[in-house]
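Below you'll find the structure, written out as structure tokens, and then a few comments.
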Amino acid sequence: METIFTKIVKGEIPCYKVAENDRFFAFLDINPLAKGHTLVVPKNATDYIFDIEDEELGAMMVFAKKVAKAIKANYPCQKIGMTVIGLEVPHAHIHLVPINGVNDIDFRREKVKLTDEEFKEIASKIAHSIE
Ligand code: AMP
């Protein structure tokens, strides 16, 4: 299946890349709830996250864990909140958002406006902290 996120993974659409391995890809959400809001996707597109085969889903979570640690190292917060919505883009993705309270991960909130430079700096900082 070809999705906007598949095009991002292939480099056909630009993104602020944070990390990748052979199977997964992480990049900044373009309409973030907070600085550091990152999306983790499997390179192989599946619409619904719970249709992903067990081993792949487990590996996706381990990859998300690494990314979450790198976000937290740069954007101090109580925790990195994790959510899956998936109503907009039919390519399973995990949202990782720095949070200090439940309201910080409320998608009805006004999003943070960032410049191209700010997005680049955030992505670079997180990318350099990936272990
Ligand atoms: P949902 O499918 O409901 O989880 O929402 C899709 C999310 O993807 C939203 O938070 C969007 O801001 C984000 N998004 C959509 N297109 C892009 C893109 N080209 N680059 C980065 N994030 C995107």
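Coordinate-derived values only; no laboratory data. Source: prediction; values computed, not measured. As a convention, Cβ positions derive from the backbone with ideal geometry for all residues, glycine included, and neighbour counts pool all protein chains shown.
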Within segment 103-131, take every residue that is in contact with a strand residue (DSSP E or B) (Cβ under 9 Å, 6 or more places away or on another chain) and assigned to a loop (DSSP other than H, G, I, E, B) and give me the one that is farthest from the ligand (Cβ to nearest atom).
Ile130
Residues satisfying the stated conditions in segment 7-34, i.e. part of a loop (DSSP other than H, G, I, E, B) and either buried (at least 18 other Cβ atoms within 10 Å of the Cβ) or acidic (Asp, Glu) (or both):
Glu12, Cys15, Tyr16, Asp22, Asp29, Pro32, Leu33, Ala34
Test each condition in (1) touching a residue at least 24 places away in the same chain (Cβ under 8 Å); (2) more than 13 Å from the ligand (Cβ to nearest atom); (3) within 17 Å of Ala26 (Cα to Cα); (4) surrounded by 11 or more Cβ atoms within 10 Å (Cβ to Cβ) for Leu96 and report the one that comes out false.
(2)
Go through segment 2-17 and give me each residue that's closer than 24 Å to Pro98 by Cβ, of a type outside the set (A, V, I, L, M, F, W, C) and within 10 Å of the ligand (Cβ to nearest atom).
Pro14, Tyr16
Can you go through Val62, Val67, Val40 and tell me which one is of a type in the set (A, V, I, L, M) and within 13 Å of the ligand (Cβ to nearest atom)?
Val40
Can you pull out every residue in segment 15-47 that is of a type in the set (Lys, Arg) and under 23 Å from Cys77 (Cβ atoms)?
Lys17, Lys35
Tell me whether segment 103-125 contains one or more residues that are under 16 Å from the mean Cα position of the chain (by Cα), within 25 Å of Met1 (Cα to Cα) and surrounded by fewer than 17 Cβ atoms within 10 Å (Cβ to Cβ).
no
Those residues of segment 91-102 which are under 15 Å from the mean Cα position of the chain (by Cα) and part of a loop (DSSP other than H, G, I, E, B), in sequence order:
His91, Ala92, His93
Enumeration of residues in segment 79-116 that are hydrophobic (A, V, I, L, M, F, W, C) and touching a helix residue (DSSP H, G or I) at 6+ places or on another chain (Cβ under 8 Å):
Ile80, Met82, Val84, Val89, Ala92, Ile94, Leu96, Val97, Ile99, Leu114
Is it true that Ala73 is surrounded by fewer than 16 Cβ atoms within 10 Å (Cβ to Cβ), touching a residue at least 24 places away in the same chain (Cβ under 8 Å) and in contact with a helix residue (DSSP H, G or I) (Cβ under 8 Å, 6 or more places away or on another chain)?
yes
Every residue from segment 47-59 that is surrounded by 14 or more Cβ atoms within 10 Å (Cβ to Cβ) and within 14 Å of the ligand (Cβ to nearest atom):
Ile49
When the residues of segment 18-28 are filtered to those that are touching a residue at least 24 places away in the same chain (Cβ under 8 Å) and closer than 15 Å to Ile94 by Cα, which remaining residue is farthest from the ligand (Cβ to nearest atom)?
Arg23
